[in-house]
1. Given an 8 Å cut-off on Cα distances and at least 6 residues of separation, report the relative contact order of the chain as a percent.
2. For a quick protection proxy, order the peptides 79-86, 13-20, 24-31 by their average other-Cβ count within 10 Å, most packed first.
3. For residue 120 and residue 78, calculate 0.36 nm times their separation in residues minus their Cα-Cα distance, and state this gained length in nm to one decimal.
4. With a point put 7 Å past each Cα toward its Cβ, work out how far residue 36 is from residue 57 in nm, to one decimal.
5. Can you tell me how much longer the chain between residue 137 and residue 46 gets when fully stretched, taken as 0.36 nm per residue apart minus their C-alpha distance, in nm with one decimal?
6. Of 79/105; 45/113; 22/79; 38/97; 22/113, which sit over 24 Å apart, Cα to Cα?
7. So what is the 222 nm mean residue ellipticity for the chain from helices alone, if each DSSP H run of at least 4 adds -39500 (n - 2.57) and you divide by all residues, rounding to the nearest 500 deg cm²/dmol?
Amino acid sequence: MAISRTYAMIKPHAVAAGNAGKIIERIEREGFKIVAMKMTQFSPKFAEIFYAVHAARPFFGELVADISAGPIVALILEKENAVMAWRDLIGATDPAKAAEGTIRKLYAESVGKNAAHGSDADTTAALECALVFPEVK
């Protein structure tokens, strides 16, 4: 399997709770290479663009409000089969259903405040990386 990239985000509530360092340490321990990383804050408008795929869903407003509520840590991660490897590490969206030891099991508060974002496919990862890190090629 080839080395690929994915977009990862540590969400505002996990940053505010002081868990960003623990999550970054876990990322490195699991063998991901951090290609790019920055702490930033999404404006509501940028959050709407980032999550445009969910615009018609009933939770869109809450999603935009939550993700723009405070600083996030954005990362580009590299590893063999990076998208699936990251999604496996973060676990199920619902922390009650997430496997033991996953990031969401350890650090999520709820389905909406689930500690981390992970791209769902290689094409999505490429789009998200380019949107958040336009300077990284």
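1. On the way: 234 pairs, mean separation 51.3, N = 137.
Computed over the chain, the figure is 37 percent.
2. Working: 79-86: 19.5, 13-20: 17.6, 24-31: 14.0.
Put in order of decreasing packing, that is 79-86, 13-20, 24-31.
3. Working: separation 42, 0.36 × 42 = 15.12 nm, distance 1.49 nm.
Full extension of this stretch gives 13.6 nm more.
4. 2.4 nm
5. 30.7 nm
6. Over 24 Å apart, Cα to Cα: 38/97.
7. Numbers: 7 runs with 55 residues, N = 137.
Using -39500 (n - 2.57) per qualifying helix, the result is -10500 deg cm²/dmol.
Read-outs: derived from the displayed coordinates by stated rules, not from any lab. None of these values were measured; they are calculated from a predicted model. When we count neighbours, we look across all protein chains shown, and the Cβ atoms used for this are built from the backbone with ideal geometry, even at glycine.
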